[in-house]
Amino acid sequence: MPVPSLPAELAALRETAVSVLRGNDLGDITRPSPTLYPHQWLWDSCFIAIGLRHLDPQRAAAEILSLLRGQWPSGMIPHVIFAETTDFYHAGPQRWRCDRVTTTAGGAQSTGVTQPPMIAEAAVRVGEMMTDSARAAFYRQLYPGLLRFHQWLYTERDPDDDGLVSLVHSWESGMDNTPTWMEITRPAAPLAVRALRRINGDDALDALRRDSKEVPPDERLTSGDLFTLYRIVRELRGAHYDFREIRRTIVPLVQDVAFNAILIRANEHLTAIAAEIGEVIPAGLRRSMRRSREAIGQLVVDGVYYSRDFRTRTLLRHETIAGLLPLYAGVVPEDRVDGMVKTLTSPRYCARFGVASVPLDDPAFLPRCYWQGPVWVNMNWLIADGLERYGRLDAADDLRRNTVDVIAASGAMYEYYSPLDGSGAGSNRFSWTAALLLDLLA
Ligand code: 9WN
């Protein structure tokens, strides 16, 4: 691929991004980070493919197709497919008892939950870089598995035909400790966690955690929250990952607004993929797709989109970056768009370095703590795409420029950045930051 002509500083940054992706390349999958995430993650691989397409479209297509190796007979595509590497990840195969449950059709070991369905978006972006015949071949390989995944999302996770699919773990949202999820998750804390915390405070719990060697623990989930997420994994396994059983347990069930927005957009792409290769989307799925576009309108109050508790159908009134993704889905009525643009470019969301994951005036806001405030490059990318879709080109350009600037300021591909001073945090050499930078510079 020809390298675009860039000023020297950006050309060097681009080289850094390329070297990060090469360093994290494990063959036909890319790990998100060399120090924190040694396996394949669903939505990471999609963002990674969107960047890799500028280097090697076939390799980018392989990144997407490799997700199908993990597909379960039910149609689910898991959020992590475990690589055969030394496992230093805190929620690896042992946490999921992969030795006892072989679940994927291809025999790969995986988690039992999914992640935002970015696959169709990534496939279309990669397809844009291919010849017509190569694209058709790629789509034909991908389509059957991708169709089953979208069907599974509705049949399994939207049992009452709401048009909104429910998530069973905050890891499925991709935004692990976002305040919306933590509030609904905390009541499921294990008894031992509550007892230990009462007797010895959080220090005793901190001593037990395994995930915080690379990153200061106060920049990640609290230990209590982490152990609660592990407990939910146990509950899900006990319920055989079957939604009809899960809904009878203590597992929090959320109609997550970001996940559903991404699904709505993915449905459009899946429809385009099917049309291109002469396939017809089954009528049942077409009905669900239509219902979703209408149902997301039930999540808005006073111009703000929220996630909803599946059991009580009450809105979880935490304003976060997740509520901005209906722009990306293209489901925001025109008369509401300017209000949302004003919000996301206001000091509340910071704007200088992109969009903060939690507004600065939220009591939960912490500038360097994971999904509790930092700016994430994938979120900026999705929101900029939505702004462009609505013709708000200046706002989209500003957001993209600010995203490149925040990466350029440190010269490093961090997992996330402080919205206050742009400092990098989390893992360095993080793949989707590198990949989406390549896309922004193309
Ligand atoms: C759990 C890999 C993943 C991202 C998520 C991010 C983080 C994992 C973790 O890392 O989640 O899936 O261990 O915290 O929140 O969005 O896909 O980069």
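The values are calculated or read from the model by the stated rules, or taken from the named source; none is laboratory data. Only a predicted model underlies this, so the values are computations on that prediction, with no experimental measurement involved. Because the Cβ atoms are built from the backbone with ideal geometry, glycine has one as well, and the counts that use them run over all protein chains shown. Note: areas computed on protein heavy atoms with side chains; ligands, DNA, RNA excluded. Shrake-Rupley method; radii C 1.70, N 1.55, O 1.52, S 1.80 Å.
Can you give me the number of residues within segment 83-102 that are of a type in the set (S, T, N, Q) and either in contact (Cβ under 8 Å) with a residue 12 or more places away in the chain or buried (at least 19 other Cβ atoms within 10 Å of the Cβ) (or both)? Show your work before the answer.
Our first condition is that a residue be of a type in the set (S, T, N, Q); within segment 83-102, this holds for 85-86, 94, 102.
Within this subset, residues satisfying the condition of being either in contact (Cβ under 8 Å) with a residue 12 or more places away in the chain or buried (at least 19 other Cβ atoms within 10 Å of the Cβ) (or both) are 85-86.
Adding up the residues that qualify gives 2.
Here is a yes/no grid of residues against (1) in a loop (DSSP other than H, G, I, E, B); (2) closer than 21 Å to PHE259 by Cα; (3) of a type outside the set (Gly, Ala, Ser):
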| residue | (1), (2), (3) |
| --- | --- |
| ASP87 | yes, no, yes |
| MET129 | yes, no, yes |
| ALA137 | no, no, no |
| GLN151 | no, yes, yes |
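Anything in segment 313-329 that is over 20 Å from ARG291 (Cα atoms) and surrounded by fewer than 19 Cβ atoms within 10 Å (Cβ to Cβ)? List them, or say none.
The answer is ARG317, and nothing else.
Within 16 Å of the ligand (Cβ to nearest atom), at pLDDT 95 or above, of a type in the set (A, V, I, L, M, F, W, C) and open to solvent by less than 10 Å² (accessible area, probe 1.4 Å), is that true of VAL80?
Criteria met by VAL80.
Which residues, counting only those in segment 73-84, are over 14 Å from TRP43 (Cβ atoms) and out of contact with any Pro (no Cβ under 7 Å at 6 or more places or on another chain)?
Within segment 73-84, PRO73, SER74, GLY75, MET76, GLU84 qualify.
Which one of ALA120, ALA108 is open to solvent by less than 10 Å² (accessible area, probe 1.4 Å), hydrophobic (A, V, I, L, M, F, W, C) and under 23 Å from the mean Cα position of the chain (by Cα)?
When all the criteria are applied, what remains is ALA120.
Please specify each residue of segment 17-53 satisfying the condition of being among the hydrophobic types (A, V, I, L, M, F, W, C) and either in contact with a Phe, Trp or Tyr (Cβ under 9 Å, 6 or more places away or on another chain) or over 15 Å from LEU437 (Cβ atoms) (or both).
Passing the criteria: VAL20, LEU26, ILE29, LEU36, TRP41, LEU42, TRP43, CYS46, PHE47, ILE48, ILE50.
Here's the yes/no breakdown for (1) surrounded by 22 or more Cβ atoms within 10 Å (Cβ to Cβ); (2) of a type in the set (Asp, Glu); (3) in contact (Cβ under 8 Å) with a residue 60 or more places away in the chain:
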position: GLY224; (1), (2), (3): no, no, no
position: PHE227; (1), (2), (3): no, no, no
position: HIS240; (1), (2), (3): no, no, no
position: GLN255; (1), (2), (3): yes, no, yes
position: ALA261; (1), (2), (3): yes, no, yes
position: ALA274; (1), (2), (3): no, no, yes
position: GLY278; (1), (2), (3): no, no, no
position: ILE296; (1), (2), (3): yes, no, yes
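Could you check segment 395-442 and list, in sequence order, the residues that are of a type in the set (A, V, I, L, M), within 15 Å of the ligand (Cβ to nearest atom) and within 20 Å of HIS54 (Cα to Cα)?
Listed by number, the residues that qualify are MET413, ALA434, ALA435, LEU436.
Looking at (1) among the aromatic types (Phe, Trp, Tyr); (2) under 20 Å from PRO78 (Cβ atoms); (3) within 16 Å of the ligand (Cβ to nearest atom), which is the only condition PHE227 fails?
Just one mismatch for PHE227, condition (2).
Whether any residue in segment 132-145 is over 22 Å from TRP72 (Cβ atoms), acidic (Asp, Glu) and at pLDDT 95 or above is what I want to check.
Within segment 132-145 (the criterion being over 22 Å from TRP72 (Cβ atoms), acidic (Asp, Glu) and at pLDDT 95 or above), the answer is yes, since at least one residue qualifies.
Of everything in segment 73-82, what is more than 18 Å from LEU36 (Cβ to Cβ) and in contact (Cβ under 8 Å) with a residue 40 or more places away in the chain? Give them in sequence order.
SER74, GLY75, MET76, ILE77
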